[in-house]
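Participant: Handing you this structure, nothing more for now.
The values are calculated or read from the model by the stated rules, or taken from the named source; none is laboratory data. Note that the structure is a prediction, hence the values are computed from the model and not measured. Don't worry about glycine lacking a Cβ; one is built from the backbone with ideal geometry, like all the others, and counts go over all protein chains shown.
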Amino acid sequence: MSAQTPQRIPQDFIDTLLDRTDIVDVIDSRVKLKRSGRNYTACCPFHKEKTPSFSVAPDKQFYYCFGCGAGGNAIGFLMELEHLSFPEAVEELARKAGMDVPKQDQNLSPAAIAAQQAKTQARNQAYDLLEQANAYYQKQLRQHPQRKQAVSYLQGRGLSGQIAQRFGIGFAPTGWQNLLDNLGSTESAKNALIDIGMAVKKPDNDRVYDFFRERIMFPIRNSKGKVIAFGGRVLGDGKPKYLNSPESAIFHKEKELYGLYEARQHNRDLKRLLVVEGYMDVVALAQHQIHFAVATLGTATSQFHLERIFKMVSEVIFCFDGDAAGIKAAVRAMHTCVPFMTDGRQARFLLLPQGEDPDTMVRKHGSETLTELIANATPFSEFLFQHFSHDLDSHNLEHRAKLATDMMPVIQAMPKGLMRSMMLSKLEDHTGLNQDTLAQLTAVSDKPDIDNKESSAQPKPDQSTLANSKDAEEPVAAGNSETDLPPDYVLNDQTWATEYHPEHNQHSPTNSHQPSHDHGFDHRHGSRVQNPAQAAIRLILRHPGLAEAYTEIPEHLRYLRMHDASILVQLLEICQQVQSQLQRVPQAVELQSECADLEAWPMMRNLASLESLTVTTDHSSQLQEAIDKLHHHYFDQRFDDLSQTLRNATSDEHINTAKQQLKILLGEKETLQKQQKSR
Ligand SMILES: [Zn+2]
């Protein structure tokens, strides 16, 4: 369910739009039409055929296929062919017709209307200029006196002229004004070039110069084939090696996939997509007859990417380098995939040998070897298990419990279905725990056991919603502290992970002093401090004086959707109360007895009993560190929230507001990082 329901588009607008649109233009620009009497025909783009049975009637503004029965108007055609939603198809036709899709409230002032028209014009100018820039760069690759270096680079990579042409590869020569001299003759064009990132204006002296210089140019096309940005690979030793156009009104890099248009040009009926890291990989693979590769544009695989991918194909294979960065990218992609894994979809992972990328692999070993590797790529479920169990010993009971508590939230975030059931039963096999116990484990990690609690005067409303939400259809259980953590937060967190506690580590949970029924709980909170909120809680419970530095409770702690963080806030509040009652810093025992009737007390008691092996006695900087980590967690959460907002945004206004907030957030994050460095 999206936060905002998409606004209805008024029917009279749709009528006007269809009036101003010629279905023959719309179809002919995508599927070459042939005249046949009053109508036009072509081989049907929606089913495979050799003799044309697809017909377009200009007088009725309607298409129909006698082979497969597909039919409809221009909007329907775009929706079918380009896998667009209804509003997207309307948007596309409207743009072509120079119209703006009206939003529900229609009380626009003439100024607002003029502003909208200016926006549309700017957009069209941007597309035009990018198309011209593309033609310019390609021409330089053919004609420029210094083209040799570029050509020999491409030849060195084994690329044919044909493939270079298919991807529209070009050459930006040396010099500061080449593109500007060619396309920026008017002030308006010059400003437009700056807006779309093709030219840069130096703020101190207003000098304007080309953004791309001395580079091999890769046009980045949107799904309709329009150039929306460029990627440039440096010739020689310049930095950076790869440079992308900056974000603009028409280029959002976290949404685009390089090579998708070209892949679909080659085969409209794609079965799967291979996600790789760079444009050269995509092009090199196409050179070797692997035509279904796409690349993200310097970003991690995002949910936007997966939405688009799974709209088109049911299988995605992530192919990354086998180095640390590649593994990290694969693990991220894996986590992003989780909510998309409905039955019938497949995600697989291929990590290449150290030092290889798809480009070098295919050139060294040929496409057959790579095709075989792709065919044998690790399936999602297996990759997930490998990731979570790679440093665990399956004979160790505590490790098995850890596997269960780590994996349960991930499995629960998967859409309901066979795949999820299969994963659950696989987890049963791996851990030797039955599903009831597994469910209890996660229930315990959500909600600390309350058996030992003397009285629960007022049950907390958020706790009951928490429990209810687990039964609801919601894929992600909100408030679950495990799922709220960024994927590798705990695993990669060296500082806290190394804080071992021998008394708990030497015994398996069943041998410990804890009653056996809560051994999952004991594992989570007993063997080591697992998250910064728990670390902070432990420090304050043992050294109540530390809380004095936080009489103003940091806002970010309240915002976090993380159960342990809310306990931390509660603890800080109690510290303040007790201190103002006693008019002095409470002793650890005094503070702890104040906490004893909290619902979270069993967990807190466990934490308080932990003896740290860390030599440092600088508890206040330990606490600061923990709270800073939570601050970063807060940023991650806010970023996720804003990305969600961006994804659901239905108007430019919403998008701009969300972007503004993102900018502010980035600024805050930078400030924090600076503060941390200076400490
Ligand atoms: Zn057909």
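Participant: Across region 40-49, which residue is nearest to the chain's Cα centre (by Cα) among those that are within 12 Å of the ligand (Cβ to nearest atom) and not in a loop (DSSP other than H, G, I, E, B)?
Facilitator: ALA42
Participant: Tally time: how many residues in region 665-679 are without any contact (Cβ under 8 Å) to a residue 24 or more places away in the chain and surrounded by 11 or more Cβ atoms within 10 Å (Cβ to Cβ)?
Facilitator: Of the residues in region 665-679, 3 are without any contact (Cβ under 8 Å) to a residue 24 or more places away in the chain and surrounded by 11 or more Cβ atoms within 10 Å (Cβ to Cβ).
Participant: What number of residues within region 339-359 satisfy the criterion of being among the small types (Gly, Ala, Ser) and more than 18 Å from the chain's Cα centre (by Cα)?
Facilitator: So the answer is 2.
Participant: Got a sec? Which helices (runs of 4 or more DSSP H) wholly within region 258-360 have at least 3 residues that are of a type outside the set (Asp, Glu) and surrounded by 24 or more Cβ atoms within 10 Å (Cβ to Cβ)?
Facilitator: Ranges flagged: 279-287.
Participant: Check whether at least one residue in region 144-158 is free of Cβ contacts under 8 Å to residues at least 24 places away in the same chain, of a type in the set (Ser, Thr, Tyr), surrounded by fewer than 17 Cβ atoms within 10 Å (Cβ to Cβ) and under 29 Å from PRO358 (Cα atoms), and report yes or no.
Facilitator: Checked region 144-158: at least one residue is free of Cβ contacts under 8 Å to residues at least 24 places away in the same chain, of a type in the set (Ser, Thr, Tyr), surrounded by fewer than 17 Cβ atoms within 10 Å (Cβ to Cβ) and under 29 Å from PRO358 (Cα atoms).
Participant: Taking the criterion of being within 25 Å of GLU315 (Cα to Cα), touching a residue at least 40 places away in the same chain (Cβ under 8 Å) and among the hydrophobic types (A, V, I, L, M, F, W, C), would at least one residue in region 385-398 satisfy it?
Facilitator: yes
Participant: Looking at ALA70, ALA57 in this structure, which one is out of contact with any helix residue (DSSP H, G or I) (no Cβ under 7 Å at 6 or more places or on another chain), within 16 Å of the ligand (Cβ to nearest atom) and not assigned by TED's automatic domain parsing to the domain that holds LYS190? Write out each step before concluding.
Facilitator: On the way: ALA70 fails: out of contact with any helix residue (DSSP H, G or I) (no Cβ under 7 Å at 6 or more places or on another chain).
The conditions single out ALA57.
Participant: Considering only region 83-93, I want to know if a residue exists there that is more than 16 Å from the ligand (Cβ to nearest atom), surrounded by fewer than 16 Cβ atoms within 10 Å (Cβ to Cβ) and within 15 Å of PHE46 (Cα to Cα).
Facilitator: yes
Participant: Mind checking which strands (runs of 3 or more DSSP E) fall wholly inside region 130-244 and carry at least 1 residues that are more than 30 Å from ILE309 (Cβ to Cβ)?
Facilitator: Hits in region 130-244: 170-172, 199-201, 208-210.
Participant: Pairs please, first residue from region 112-133 and touching a residue at least 24 places away in the same chain (Cβ under 8 Å), second anywhere and polar (S, T, N, Q), Cβ atoms under 9 Å, 6+ apart in sequence or on different chains.
Facilitator: GLN125/SER188; ALA126/SER248; LEU130/SER245; GLN132/ASN182; ALA133/ASN182
Participant: Report, ordered by the first and then the second residue, all pairs with beta carbons closer than 9 Å, sequence separation of six or more or different chains, a first member in region 48-66 that is in contact (Cβ under 8 Å) with a residue 24 or more places away in the chain, and a second member that is assigned to a loop (DSSP other than H, G, I, E, B) and near the ligand (Cβ under 10 Å from one of its atoms).
Facilitator: TYR63/ALA70
Participant: Which condition breaks for PRO52 when tested against (1) more than 16 Å from the ligand (Cβ to nearest atom); (2) crowded, with 17+ Cβ neighbours inside 10 Å; (3) not polar (S, T, N, Q)?
Facilitator: The failed condition is (1).
Participant: Could you grab me the full set of residues in region 586-603 that are surrounded by 17 or more Cβ atoms within 10 Å (Cβ to Cβ) and out of contact with any Ser or Thr (no Cβ under 7 Å at 6 or more places or on another chain)?
Facilitator: The answer is PRO586, LEU591, GLN592, GLU594, CYS595, LEU598, ALA600, TRP601, PRO602, MET603.
Participant: Which condition breaks for ALA97 when tested against (1) within 16 Å of the ligand (Cβ to nearest atom); (2) at pLDDT below 95; (3) closer than 18 Å to ASP15 by Cβ?
Facilitator: The failed condition is (1).
Participant: Here's a follow-up. Consider region 378-413. How many of its residues are more than 22 Å from the chain's Cα centre (by Cα) and among the aliphatic types (A, V, I, L, M)?
Facilitator: Residues flagged as more than 22 Å from the chain's Cα centre (by Cα) and among the aliphatic types (A, V, I, L, M) within region 378-413 amount to 5.
Participant: Identify the residue in region 604-618 that is modelled with pLDDT under 85 and part of a helix (DSSP H, G or I) and, among all such residues, is surrounded by the most Cβ atoms within 10 Å (Cβ to Cβ).
Facilitator: Initially, region 604-618 is screened for residues modelled with pLDDT under 85, giving 605-618.
From what's left, part of a helix (DSSP H, G or I): 605-608.
Values: ARG605: 17, ASN606: 20, LEU607: 23, ALA608: 18.
Going through the qualifying residues, I end up with LEU607.
Participant: Can you find, within region 637-656, the residue that is nearest to the chain's Cα centre (by Cα) among those that are closer than 23 Å to VAL101 by Cβ and among the small types (Gly, Ala, Ser)?
Facilitator: Of everything passing the filter in region 637-656, ALA649 is nearest to the chain's Cα centre (by Cα).
Rundown of residues vs (1) of a type in the set (A, V, I, L, M, F, W, C); (2) at negative phi; (3) assigned by TED's automatic domain parsing to the domain that holds LEU193; (4) modelled with pLDDT of 90 or more, yes/no style:
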site	(1), (2), (3), (4)
GLY238	no, yes, yes, no
TYR242	no, yes, yes, yes
TYR279	no, yes, no, yes
ALA284	yes, yes, no, yes
ARG308	no, yes, no, no
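Participant: Quick one: how many residues across region 286-308 are farther than 18 Å from GLN644 by Cα, under 18 Å from the mean Cα position of the chain (by Cα) and β-branched (Val, Ile, Thr)? Break it down stepwise before answering.
Facilitator: Taking region 286-308 and keeping what is farther than 18 Å from GLN644 by Cα, we get 286-298.
Now drop any that are not under 18 Å from the mean Cα position of the chain (by Cα), which leaves 294-298.
Next, only the ones that are β-branched (Val, Ile, Thr) stay: 294, 296.
Residues that pass the stated criteria total 2.
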